[in-house]
1. Which entries of LYS215/LYS287; LYS326/LYS475; LYS499/LYS544; LYS499/LYS553 show an alpha-carbon separation above 20 angstrom in the structure shown?
2. Quick one: with all protein chains in place, what share of the accessible area of the stretch 116-223 is carbon or sulfur, to the nearest percent (1.4 Å probe)?
3. Averaged per residue, what accessible surface does the stretch 521-561 expose to a 1.4 Å probe, in Å²?
4. What does the highest-first list of 166-173, 318-325 look like by mean Cβ count within 10 Å?
5. With all protein chains present, how much of the accessible area of the stretch 459-556 (probe radius 1.4 Å) comes from carbon and sulfur, to the nearest whole percent?
6. Can you give the accessible area per residue of the stretch 346-387, in Å², using a 1.4 Å probe?
Amino acid sequence: VEFTPKTTIYVEQLILANQMAYCFGISEKTNAVQRSNRLLHRWISINCLTQTKETSGDTALLPSNRKDSAEESSIVRELFHTVMRQNSDLWNMEGVKRAEEWITQMHSLQRLGWIHCAPDVDAYNIVLLGLCNLCKPLSPKHIDNENRISKREERSRRKFILEMAERLLTQLTELHDDGIHPNILSMNLSLNAIAKAGREGDPNLCKIANRVLMKAIGEESYRSVVGINCEQPDGDESVDDTVGESDLQGATKSFVKPNMDTYHWLVGIYSSSGDATYIKLGMTLLKKMIENRLEEQSRHLFSAGSTASFAPSTGTYNNMLRALAKKGIDVTSATDKGSTLMRVEVAKEATAFLDSMIRYETSYPTRVTFIFLLQLWRKTGSTKAGEYADEILSRMETVSIYQRDLKPFSNGYLLALECWHTAALAGYVGAAERAFQLVQIVDGKSGLELISDDYEEDDTETAFPYRRIYNCMMKICAATQDKRDTPRSMAIAFDVLKKMEDNDISPSHTSFLYLYQSVQNFLKHHPGEEGNDLLQEVFVSASKYGVKAPELKDSAGRNRG
């Protein structure tokens, strides 16, 4: 049997025919891929191993001396690519392992002299894409579908993906002597797999990503991306563990130039680390992406058929905002004045992201975007928290003109009230009044409009959002200490109690505790004979709902302590 394109194409057609069985279920698909593996093994046995043995010493028949080498190499590699792609498309670890084994087989054949079988960068990219497909069951979005896996298998899969992604990219960077180099797709697929397979809060994930990045783009570009003087987290020696300066100066070494997709995955990896230094680095990269996109848009503005990059996308922004809301500004004491200023600056920068997000359809803010921003301001300890919360809700209303599902909902209003509570604690004069305006807006909405899908179905009865919102409003009144504010905040607390009763919402012990504290705050600045009457009114109302006066006094005393 001659080693000819006709023979190879015939085998490839048989292999492609196996895909016809895919529509009959996963079992038949697996069997079809196994048949393809056997066909390719048979092809290798007939065309490579047998001929090498029969023509030993006859270099005229070696593939390296054949005519039309480039065309034949393309046909042969496509044969391997087809089988590797079928294995990767099984979406299981066994399939991806088998695809990687075919790369090893191609290297073996190359060493035997069959240069047409030498792997190329596309072969590696097929396996890397298979790793990305393996990440789907690891996503929380797919936790309840048919792809869900056990915790043990999840841990095994994550480790498998992380190790193979780094191994494949490393192998690619070591093949430059053979004229094979990683391309931008190779690097981005590796970072994609690492980002999706890593666990949130694992700083080691950043070290893996840094090693991959440095090997692909070189130390000079790496330091430009990460920052030459950027402080490395404790124990991170990823720079020192990679290629040396002598390797970087080699004429045969070819590095990849990172693009916006590269930054997208890096922001996702750094922001999920839980490490303040990496989160800060992710923030820097996101700002760089925003600047680059504006420049890219201006370059392509008058270019026919040209479009700017999709990144940074909504996911890029949300990953960073999630990290900031959970960790990024929660690194020092809330009572520290310098810490408060730092938190305010970070929250302002994050809120400013809305200006760039609304410029492009691919980065349009979603519901969680606004939730994260409100959570950020709630943690600032700043008098400005409430004002910014109102601005964020207003932006949300504006965006909802184009996206109906973005209308403010119960959790949005509740977080905005929490921001006003933060402002009240910080001494904002008029916080209770401004917050009460929000409550009046909520009162004008139906229960269905306020239901949030962030809670379990059992919690979505009509009174639920109102109960939480009313209690939060009373908490703001209880937090008001300024002499100028206490009369109005106390009056608002009594008004909210009446709203609860009018809406058949039973006030809780906490509700009356906030009311009691509001009255005490008023009496502290305005002592007089009516003080006993106000306290008695609180105790009488509380007794109707089984809350006794001594309980309120004890709770208030413990809170002061």
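The values are calculated or read from the model by the stated rules, or taken from the named source; none is laboratory data. Since the structure is predicted, the reported quantities are computational estimates derived from the model, not experimental observations. Backbone-built Cβ (ideal geometry, glycine too); neighbour counts: all protein chains shown. Keep in mind that these areas ignore ligands, DNA and RNA; they rest on the heavy atoms of the full protein, side chains included. Shrake-Rupley method; radii C 1.70, N 1.55, O 1.52, S 1.80 Å.
1. Details: LYS215/LYS287 24 Å; LYS326/LYS475 23 Å; LYS499/LYS544 16 Å; LYS499/LYS553 24 Å.
Exceeds cut-off: LYS215/LYS287; LYS326/LYS475; LYS499/LYS553.
2. Numbers: 2100 of 4590 Å².
So the carbon and sulfur contribution to the accessible surface is 46 percent.
3. Working: 2790 Å² over 41 residues.
Accessible area per residue: 68 Å².
4. Working: 166-173: 20.2, 318-325: 23.9.
Sorting 166-173, 318-325 by mean packing, highest first, produces 318-325, 166-173.
5. Values: 2190 of 4640 Å².
On the stretch 459-556, the fraction of accessible area on carbon and sulfur atoms equals 47 percent.
6. Numbers: 1530 Å² over 42 residues.
Normalised by residue count, the accessible surface of the stretch 346-387 is 36 Å².
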